[in-house]
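As structure tokens, the structure follows; a few thoughts come after it.
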Amino acid sequence: MPRVNGRSHITCIRLFPLAIPLRKPFRHAAHERATADPLVIEVELADGTRGYGETLPRPYVSGENLESVIGAIRDPFMEELLAIRPNTFAEALERIDALPDRDDLGRVVTAARAGLELALLDAYSRHFNKPISAAVGWLGLPGLGEPGSLHQVRYSGVLSGDDVRRLRSSVLKMRLYGLRDFKLKVGYEDDLERVQVVRDALRGILGRGTTLRVDANGGWTPGEAAQYMTAFQACGVWSVEQPLERGLENELIAIRQTSGMRVMHDESLVTMADAEELVQLGVADAFNIRISKNGGFLAAVRLAHFCRRHQIAYQLGCMVGETSILSAAGRRFLENVPGVVFAEGSYGRFLLRGDVTRRPINLSFGGRPRPIPGLGWGIDVSRELLQRYVAPGTIEMPL
């Protein structure tokens, strides 16, 4: 039964900045990292219920970093958190959904919002004994709900900026694991050679249930984008993700017309306002929806519904170095959102040397997503593991 005895308010927020070693460095055109740096957020309610969220702020994505996220939680979010005292799950969702995606100065705070929103959804799902699917139903968006894309989509294999000698081996290993969709990081001098190596490794199956898309992370000039996108169209590449840096979306109008290549927007797509602008420009072919980037689970679901209304292809993306918290939130997204064309995430111990739960959410054979039972995100976060990877220490904010 819902608990309406005044024990639903938040008593403490705890922040765990983590440093988890990667199994090998991950490179793309915008950055190279050897350590995952997620920020885990714990919300504790007056009755002792705890909920967990996660975010990975990236300056080149939303303009946020760890310090700005911590600052945003102290202000402007703290006043909002103090006011959350729901008697029902619907009341909790109203407060959660109203969290802002910009601060008082107009700066985007979607990464900060995402971490908090996920922790609050987890906590109040457990407190009121309501599944996350009930939150999707509360949004009232037609066409959404279980089973979503769970039985249609598969997780993709992502090939980082390795040299061409290692690419073929990586593709073959992923194929042996049953993966059929691949994304290659580009934005280097040898991009054409890299795409050809992967295409040759997939020869005979590319286009027969197997796909290849590339991600430039904004690493090309308009001239390079025009050249490469024309060449990749002939190679059977499904889409080019973020060919130009954010702010150059106008340049894509002519490049798309010349190359005929589908564009997947990522760093150019942070808020709903960005989505609307891309539609107005006529360049909204496909969107990479990432829960941490786009402001949280509810915001991501709303973006997917926007795509469905405007006939835009959409995929579930992820941030490099996600723990099982964001992986589980991504799984809930797939459980409730139909029509997802590609999925990324759940790489777990394939990428990280550690995690925050003793039963990590990992990629299954063939990349098939499996449902997660239970309330909230359906995982049990370990305080011991959080303390093992926290760096430099826990930040506690009593309310």
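Bear in mind these aren't lab numbers, they're just calculated from the coordinates by the rules spelled out. What you are looking at is a predicted structure, and each value in this text was computed from that prediction instead of being measured. Note: ideal-geometry Cβ built from the backbone for every residue, glycine included; neighbour counts use all protein chains shown.
With no solvent and one point per C-alpha, what does the Debye sum give as log10 I(q)/I(0) for region 141-257 at q = 0.20 Å⁻¹? At q = 0.20 Å⁻¹ the computed log10 ratios are -1.05.
The phi torsions of region 351-365, fed into the Karplus equation with coefficients 6.51, -1.76 and 1.60 and a -60° offset, translate into couplings of 10, 9, 8, x, 8, 9, 10, 6, 10, x, 7, 10, 5, 8, 4 Hz, rounded to whole numbers, with Gly and Pro shown as x.
Distances between placed amide hydrogens fall under 5 Å for Tyr314 paired with Phe287, Val341, all partners being 5 or more residues away or on another chain.
Residues of region 76-109 with the amide nitrogen closer than 20 Å to a label point 7 Å from the Cα of Asn129, along Cα-to-Cβ, please. Answer for this model: 86-93. Amide H contacts of Trp220: Glu245, each under 5 Å away and 5 or more positions distant or on a separate chain (H built 1.01 Å from N in the peptide plane; Pro and chain starts excluded). Projecting the Cα atoms of Ile289, Ser149, Leu399 onto the dipole axis of the chain, where Lys and Arg carry +1 and Asp and Glu carry -1 at the beta carbon, places Ser149 farthest toward the positive end.
Compute the distance in nm between two label points, each set 7 Å from the Cα along the Cα-to-Cβ direction, one at Leu172 and one at Arg33. Output for this residue pair reads 3.1 nm. Kindly give the semi-axes, whole Å and largest first, of the ellipsoid equivalent to the chain, taking each as the square root of 5 times a Cα gyration tensor eigenvalue. After scaling each eigenvalue by five and taking roots: 35, 22, 20 Å.
Taking packing as the residue-averaged number of other Cβ atoms within 10 angstrom, the listed peptides 93-104, 175-186 run from highest to lowest as 175-186, 93-104. Sort out for me the Cα centre separation of region 9-83 from region 194-269, rounded to whole Å. Cα centres, region 9-83 to region 194-269: 31 Å. Out of all DSSP beta bridges with both ends in the chain, state the antiparallel percent to the nearest 5. So the antiparallel bridges amount to about 55 percent of the total. Compute the label zone of Ser382 within region 320-354: residues whose backbone N is under 14 Å from the point 7 Å along Cα-to-Cβ. Within reach of a label on Ser382, which here means backbone N under 14 Å from a point 7 Å along Cα→Cβ, region 320-354 contributes 324-325, 349, 353-354.
About its Cα centre, the dipole of region 152-241 is roughly 620 debye, where the only charges are +1 on Lys and Arg Cβ and -1 on Asp and Glu Cβ.
Couplings for region 78-87, taken from phi via the Karplus curve 6.51 cos²θ - 1.76 cosθ + 1.60 with θ = phi - 60°, read 4, 4, 5, 5, 4, 8, 7, 9, x, 9 Hz in order; Gly and Pro are left as x. Dipole check for the chain: with +1 at the C-beta of Lys and Arg, -1 at the C-beta of Asp and Glu, and the Cα centre as origin, the magnitude is about 1780 Debye. Of the options Ala328, Pro369, Asn129, report the single residue whose Cα projects farthest towards the positive end of the charge dipole of the chain (beta-carbon charges: Lys, Arg +1; Asp, Glu -1). Going by the Cα projections, it comes out as Pro369. Listed peptides 277-289, 294-306 appear in the order 294-306, 277-289 once ranked by packing, highest mean of other Cβ atoms within 10 Å at the front. Computed from the alpha carbon atoms alone, the convex hull of region 54-209 holds 175 Å³ per residue. For region 378-389, putting each phi into the Karplus relation 6.51 cos²θ - 1.76 cosθ + 1.60 with θ = phi - 60° gives couplings of x, 10, 10, 6, 9, 4, 4, 5, 4, 5, 5, 9 Hz, in residue order, rounded to whole numbers and with x for Gly and Pro. With only Cα atoms counted, region 210-350 has Rg and Dmax values of 14.8, 42 Å. Residues whose amide H comes within less than 5 Å of that of Arg154, counting only those at least five positions distant or on another chain, are Ala343 (H built at 1.01 Å from N in the peptide plane). Size of region 257-317 from its Cα atoms: along the principal axes, largest to smallest, the extents are 36, 19, 16 Å. Suppose a student asked you for the relative contact order of the chain, using Cα pairs under 8 Å spaced at least 6 residues apart; what percent would you report? Taking the mean separation of contacting Cα pairs over the length of the chain, I get 23 percent.
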